[in-house]
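What follows is one structure encoded as structure tokens, with my remarks underneath.
The values are calculated or read from the model by the stated rules, or taken from the named source; none is laboratory data. All of these numbers come straight from a predicted model, not from anything done at the bench. No Cβ is skipped: glycine too gets one built from the backbone with ideal geometry, and neighbour counts run over all protein chains shown.
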């Protein structure tokens, strides 16, 4: 098949507007309403650049927000061009940032082979710093529930500062602007911001001590370095001739600058998004970037996709009516050729229990009328709301599947195994300290907070890893705890060379 035929094949089945968007050159935002085929258009845009415009696949960077979306894009491109033909630079913001940081870890004051801490690891470091500050009398920790909530709040605010391009040594100086940007609705919120700004430098130092980067670091330091060092920016920007981004309405300041710095020279920036679907402002996303696109890129085009292939007319009419209340929206009106469909029903209940009972009755009624259970779903906003619904479904003998599984790599047992492997790989290095903290008492070996504090103190005093410090502390003790810990340490030592 010729190049032109391949390009035309990729564009088959697209509407006129989807086709126009996919072939557009220069800066472009595809304003893609819900259900209008944005992924199909994005994939067609990648294929068109490879086949018709002859941009080598390895010089195209495409970015999404989830690994699942990246895998889907890669699969669709390979289905058109052949297995392995998709660009190698298809991935998430964090994934691309990780590749940059792996190439130049020194820009984040890290060493080659650094580890990546997930959100739970980050909270564990914050918890340790908060406890130390409380012990020094810097703040009153309150009860256990209050302390846990504050750990989470402080960790979230440090992450927000990173996503807003705030460096550790700038945190306290820009605290007021961060509060103005994200809000502080209570004294507790204000306290969390103040603690986050105060602890951010120590938090970053703790990461570097164990040669670890958190998720925010993966994009923060490459972006900061591109802003500061033009040679570094050009080295990365010149690797790509086209940049494509998914879900553009959800980018934060850090992600937006990263995209702009990489695409600034060639101007080949293609983004799909929908300002009506921007729902992540609470984690730093700004709908302003998509709404200000044509001011930032005067030569750019904005192409709306308005034909919906997913919903019926009644649903779209209701949706259009709701979003029309936003006077700042860019403006588009979704339509469908699938007919009006069934009217939307709004039913009010006096309480949660009554709502659960009513939903169970309605599902039972529809099942008797011939509607398959797999064709019905209940959506709820918070996980805790499922309890009453489950109870009523069980009472009505209605089988159900709860779609709320934890991702494989986030399961506690998987993270425990990875921590054991990391510790066995480098027990003598500080890099294994977070892994040690995770598994030293998993399963329980009698190592409580006071014992761990003794280990940490010895490690600090003698510049040892926690593993080596624990070997010294438990070397001669005859207690049951010491026996269990020594057995654990011995296994790690013996398996370390495997």
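If you check 172, 140 for being under 24 Å from residue 108 (Cβ atoms) and either at pLDDT below 90 or surrounded by fewer than 18 Cβ atoms within 10 Å (Cβ to Cβ) (or both), only one passes: 172.
The set of residues in segment 10-40 that are part of a helix (DSSP H, G or I) and either farther than 24 Å from residue 264 by Cβ or in contact with a strand residue (DSSP E or B) (Cβ under 6 Å, 6 or more places away or on another chain) (or both) comprises 10, 11, 16, 17, 18, 19, 20, 21, 38, 39, 40. Within segment 431-455, being out of contact with any helix residue (DSSP H, G or I) (no Cβ under 6 Å at 6 or more places or on another chain), crowded, with 17+ Cβ neighbours inside 10 Å and outside any loop (DSSP other than H, G, I, E, B) holds for 431, 437, 451, 452. Out of (1) surrounded by fewer than 21 Cβ atoms within 10 Å (Cβ to Cβ); (2) more than 15 Å from residue 26 (Cβ to Cβ); (3) at pLDDT below 95, the odd one out for residue 237 is which? Unmet condition: (3). Check off (1) surrounded by fewer than 16 Cβ atoms within 10 Å (Cβ to Cβ); (2) over 13 Å from residue 215 (Cα atoms) for residue 119 and give me the number that stays unchecked. Looking at each condition in turn, residue 119 falls short on (2). Taken over segment 201-219, the criterion of being in contact (Cβ under 8 Å) with a residue 60 or more places away in the chain and in a helix (DSSP H, G or I) is satisfied by 202, 203, 206, 207, 208, 209, 215, 217, 218, 219. Is it fair to say residue 208 is modelled with pLDDT of 95 or more and surrounded by fewer than 15 Cβ atoms within 10 Å (Cβ to Cβ)? Taking the combined requirement at face value, the residue does not satisfy it. On the given criteria, is residue 243 touching a residue at least 24 places away in the same chain (Cβ under 8 Å), part of a strand (DSSP E or B) and touching a strand residue (DSSP E or B) at 6+ places or on another chain (Cβ under 9 Å)? Here the answer is yes, as residue 243 does meet what is asked.
Answer yes or no as to whether residue 478 is at negative phi, out of contact with any helix residue (DSSP H, G or I) (no Cβ under 9 Å at 6 or more places or on another chain) and not in a helix (DSSP H, G or I). Taking the combined requirement at face value, the residue satisfies it. Can you give me the number of residues within segment 78-103 that are at pLDDT below 95, assigned to a helix (DSSP H, G or I) and either touching a helix residue (DSSP H, G or I) at 6+ places or on another chain (Cβ under 7 Å) or within 30 Å of residue 213 (Cβ to Cβ) (or both)? Summing the residues that are at pLDDT below 95, assigned to a helix (DSSP H, G or I) and either touching a helix residue (DSSP H, G or I) at 6+ places or on another chain (Cβ under 7 Å) or within 30 Å of residue 213 (Cβ to Cβ) (or both) in segment 78-103 gives 2.
Please note which helices (runs of 4 or more DSSP H) are completely contained in segment 287-399 and include at least 2 residues that are within 30 Å of the chain's Cα centre (by Cα) and surrounded by 12 or more Cβ atoms within 10 Å (Cβ to Cβ). By residue number, 288-291, 293-296, 313-323, 386-395. Within segment 456-491, which residues are within 16 Å of residue 420 (Cα to Cα) and crowded, with 18+ Cβ neighbours inside 10 Å? Across segment 456-491, the qualifying residues are 465, 466, 467, 468, 470, 485, 488, 489.
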